[in-house]
Amino acid sequence: MKVGLIGSGNMARALARGWGEPVLCTDSGSGSAQALVDELGGERFASNRELAERVDVVVLCHKPYHLDPVAQEIRDVAKAVVSVLGGVSTKDLQRAYPHSPVFAVMPNTPVEIRQGVLVYAQPEHHDDLEAQVLGLFGRLGKVVSVPERLMGAATAISGVGPAYQALLAEAQVDAAVRKGLGARLASELVTATMSGSAALIEAKGFDTLAVRREVTSPGGSTARGLDALERANVRRAFQDAIEAVVNPDGAR
Ligand SMILES: NC(=O)c1ccc[n+]([C@@H]2O[C@H](COP(=O)([O-])OP(=O)(O)OC[C@H]3O[C@@H](n4cnc5c(N)ncnc54)[C@H](OP(=O)(O)O)[C@@H]3O)[C@@H](O)[C@H]2O)c1
């Protein structure tokens, strides 16, 4: 299926690099679409409408607040619409695009290396088009279907997650540097530990407690480190973070 990207910023770039094919795309005048075409081949379109007319599916990669103005340009020519817009529900999409099949997918930036997580709100009707859309996005990582009402919570851990993991890595690297380790070596140790631990948790049926217990001898060094993290309120920090993402108006 021929895909067109509306917007050529961070997420569009990550998707396009993950697909690794010539790209058809637009921007709002910054030159980002041309830069993407220069990198991957393909074609930059001068208008969203022209792009939508030429493709089987448009992927909305603009900011959420551009939903209505962009829809006004292309709603009568878009054959199918996939949105990656944060906080925009299938209902919002269907209202903006009343004549097209719509799909809400929330990817994260590791799609760029085909190790993304793509949370997907199951549409009411399952058909061949849905299978094609899932096939397209499935090339970029793990596609996980969730009920629409839980999309916000799911994306608050997977969509924003790469930033959290990067912050956690950075904090550990900084701490190790203070103890004399080189930043590069510390980064290698931390990131390899993160990916190995993630794989181990998955291999153990997602039993985080079991993985934790296996490293934690009574009265030992891991127990002391975990105690320091608990006293620093790491759990509370993640609870506050999810609240801030899911309920932006209630955030401090
Ligand atoms: N970044 C992430 O990790 C992430 C994760 C999940 C979902 N998302 C979602 O992805 C979307 C884009 O986020 P981003 O981080 O990629 O933002 P971004 O880097 O600011 O990119 C936004 C893009 O939209 C383009 N644009 C704005 N108005 C347009 C219009 N009227 N027609 C065509 N293109 C238009 C911009 O054009 P210019 O280049 O000309 O400014 C830019 O290329 C958001 O809705 C966000 O919720 C992002």
In the chain, lysine pairs with alpha-carbon atoms under 21 angstrom apart (chain gap of 8 or more, or interchain): 5
Nearest-0.05 FRET efficiency for Ala192 and Glu230, computed from C-beta distance (R0 41 Å): 0.95
Gain in span if fully extended, Glu148 to Gln34, counting 0.36 nm per residue against the direct Cα distance: 37.6 nm
Expected 222 nm ellipticity per residue - DSSP helices of 4 or more, -39500 (n - 2.57), all of the chain, to 500: -15500 deg cm²/dmol
Relative contact order %, the chain, counting alpha carbon pairs below 8 Å whose residues are six or more apart: 13
Nitroxide proxy distance, nm - points 7 Å out along Cα→Cβ at Leu134 and Glu243: 3.6
Rounded to 5, percent antiparallel among DSSP beta bridges of the chain: 10
GNM result for the chain, Cα springs below 10 Å: residue of Ala223, Ala71, Ala154 fluctuating most strongly: Ala223
GluC sites (Glu not before Pro) within region 70-169: DSSP coil, no more than 15 neighbouring Cβ in 10 Å: Glu124
Inter-part distance where region 225-248 and region 55-89 are each reduced to a Cα centre, Å: 34
FRET E, pair Lys79, Ala199, Förster distance 51 Å, beta-carbon r, rounded to 0.05: 0.80
Calculated P(r) tail over 28 Å for the chain, as whole % of Cα pairs: 42
Solvent accessible area, Å² - Val173, 1.4 Å probe, full protein context: 20
Region 1-80, relative contact order [Cα under 8 Å, separation at least 6], %: 36
Efficiency of FRET between Arg54 and Arg95 - r from beta-carbon atoms, R0 22 angstrom, step 0.05: 0.30
In degrees, nearest ten, helix 161-178 long axis to first principal axis of the chain (Cα): 30
Apportionment of accessible area to carbon and sulfur, the chain, percent (1.4 Å): 55
Segment Ser47-Ser221, extension gain: residue separation times 0.36 nm, minus the distance between their alpha carbons: 56.7 nm
Rounded tilt (10° steps) of 183-203 against the dominant C-alpha axis of the chain: 80
Solvent-free Debye scattering, log10 I(q)/I(0), computed from the Cα coordinates of region 55-205 at q = 0.12, 0.18 Å⁻¹: -0.60, -1.05
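The values are calculated or read from the model by the stated rules, or taken from the named source; none is laboratory data. Not measured: the values here are computed from a predicted model. Counting neighbours? That spans all protein chains shown, and the Cβs are built from the backbone with ideal geometry, glycine included. Only protein heavy atoms, including side chains, enter the accessible area calculation; ligands, DNA and RNA are left aside. Shrake-Rupley method; radii C 1.70, N 1.55, O 1.52, S 1.80 Å.
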